[in-house]
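Below is one structure; the comments refer to it alone.
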Amino acid sequence: MGPLAAAQLLALISLTVALDNGLLKTPPMGWMAWERFRCDVDCKDDPKNCISEVLFRDIADRLAEDGWKELGYEYVIIDDCWMSMQRDEHGRLQPEPSRFPGGIAKLARYIHDRELKLGIYADMGTHTCMGFPGTTLDKIEIDAQTFASWGVDYLKFDGCSSNPVEQMLGYPLMSKALNATGRPIAYSCSWPVYVGGLPPNVNYSLLGDICHLWRNYNDIQDSWDSVQDIIEWYSNNQDYLQPAAGPGRWNDPDMLIIGNFGLSVDQARSQMALWAIMAAPLIMSNDLRNLGNSARTILQNKVAIAINQDPLGIQGRRLLTEKTHIEVYWRPLSRSASAIVFLSRRTDMPYLYRTSLAKLNYDAGNYEAYDVFNGLTVTGLNATTEFTFSINPSGVVMWYVYPEQQSKQTEKSHYQHEKASHHTVL
Ligand code: GLA
């Protein structure tokens, strides 16, 4: 089939596939295996960390018992390397029996019993990125049905080993096939990554109609360099990406690596803050069985989570890039509130930054600000008031800002501040 015929076919399909099952009105939250556990299939020598049902049950236990679920972290997502190298006699994908002896349906029950949801991974193409069986066009329907029959709640559909024409056909077809199962299944598409992430190669309005979220850019690695590179790419391209997001349709800058080996405490706060501003999925990839207290505190920060999960679902933007290597990010929130992140890209020492809300385009008036990571409330903030504060190298200061008159009635009850807030009058 030529590209033109394929495009016509696609137009026809897309008329009928709007994926409107009401899922993911706010960005998904949960845990995914890939960044931390990769394709470790050595259960003999590494039984606790290999890709097996043991790992996913352990993670489900931690999510259910350590306060994650109540905060919204609900998806347990299997990534690559779960499959057997062969499909079964009916042509269905099957898990590698030595590592998933109970099968996926049983694992799904275990996860559902804990009021969590199960995600799984497949690949539009001949093979997954690690060489396991792929989902070619002729297998899309059977794979969607298999996942639904197992009780899967989320599909990450990768795009290794396929060409752009197959992707153009396959991603909408999978959307249609998932819809046809009748089971509400969140659908994460890696399609943009494989065609450069930007228009004109990527049609973000079509993508928003068929997928709930999509990876746009490179895989995250366990380093601050990688986090910075991702933030930079999303910000440089925000004119294309920011309008594409909204309830039920999210850009996915990839997993949270907080709690692993590559980020300092400040850098971990920076990732959490920027992912909240970007309305990004909060999908951790870490070892919840061995998590340091500072990582836990950052990942469980209620106000950062509330900002990420704001019901308006408007993705934030980078407002300013200063010559001093301070950057300012801003996201509008429901009920006239907003979030500001001041990020230092410096590598020397804490930097004293001076600004005012008026300089950041706020209307005249009086505001209060809750400092998300130190728990202090700043009162008496007129839009024109100049204020100075210190930002650590590769760290952030993150503010939740709201008009002063709201502060007494609604804000306090909506955002249950972790500590009784101390007041600082400027
Ligand atoms: C691709 C994806 C990653 C992960 C791996 C698995 O690189 O982008 O997130 O799923 O494949 O092989």
For residues that are under 21 Å from Ile314 (Cβ atoms), of a type in the set (S, T, N, Q) and more than 16 Å from the ligand (Cβ to nearest atom), scanning just region 208-262, find the one that is surrounded by the most Cβ atoms within 10 Å (Cβ to Cβ).
Ser235
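Quick check on my filter: what residues within region 191-230 are of a type in the set (A, V, I, L, M, F, W, C), closer than 21 Å to Ala276 by Cβ and touching a residue at least 60 places away in the same chain (Cβ under 8 Å)? Show your work before the answer.
In the first step, residues of region 191-230 are kept if they are of a type in the set (A, V, I, L, M, F, W, C); the result is 191, 193, 195, 198, 202, 206-207, 210-211, 213-214, 220, 224, 227, 230.
Filter once more, keeping what is closer than 21 Å to Ala276 by Cβ: 213-214, 220, 224, 227, 230.
Hits for region 191-230 are Leu213, Ile220, Trp224.
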Heads up, the strands (runs of 3 or more DSSP E) in region 358-426 (entirely inside) with at least 1 residues that are among the aliphatic types (A, V, I, L, M) and either modelled with pLDDT of 95 or more or within 28 Å of Val227 (Cα to Cα) (or both) are 366-371, 376-382, 387-391, 396-403
Do we find that Asn179 is without any contact (Cβ under 8 Å) to a residue 24 or more places away in the chain and among the polar types (S, T, N, Q) in this structure?
no
Which one of these does Ala304 not meet: (1) in contact with an Asp or Glu (Cβ under 7 Å, 6 or more places away or on another chain); (2) outside the structural domain of Tyr362 (by TED's automatic domain parsing); (3) among the hydrophobic types (A, V, I, L, M, F, W, C)?
(1)
Tell me which residues, restricted to region 66-82, are more than 12 Å from Trp31 (Cβ to Cβ) and within 11 Å of the ligand (Cβ to nearest atom).
Asp80, Cys81, Trp82
Gln94 vs (1) within 16 Å of the ligand (Cβ to nearest atom); (2) surrounded by fewer than 24 Cβ atoms within 10 Å (Cβ to Cβ); (3) under 19 Å from Ala33 (Cα atoms): all pass except (1)
Restricting the search to region 112-131, which residues are touching a residue at least 40 places away in the same chain (Cβ under 8 Å), at positive phi and within 16 Å of the ligand (Cβ to nearest atom)?
Gly125
Among the listed residues Gly134, Gly151, identify the single one that is away from the ligand (no atom under 16 Å from the Cβ) and touching a His at 6+ places or on another chain (Cβ under 7 Å).
Gly151
Given the criteria assigned to a helix (DSSP H, G or I), touching a residue at least 12 places away in the same chain (Cβ under 8 Å) and either among the hydroxyl-bearing types (Ser, Thr, Tyr) or over 17 Å from Asp219 (Cβ atoms) (or both), does Ile140 qualify?
yes
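The values are calculated or read from the model by the stated rules, or taken from the named source; none is laboratory data. Just so it is clear, the structure is predicted and the values come from calculations on it, not from any experiment. Cβ: placed from backbone, ideal geometry, glycine included. Neighbour counts: every protein chain shown.
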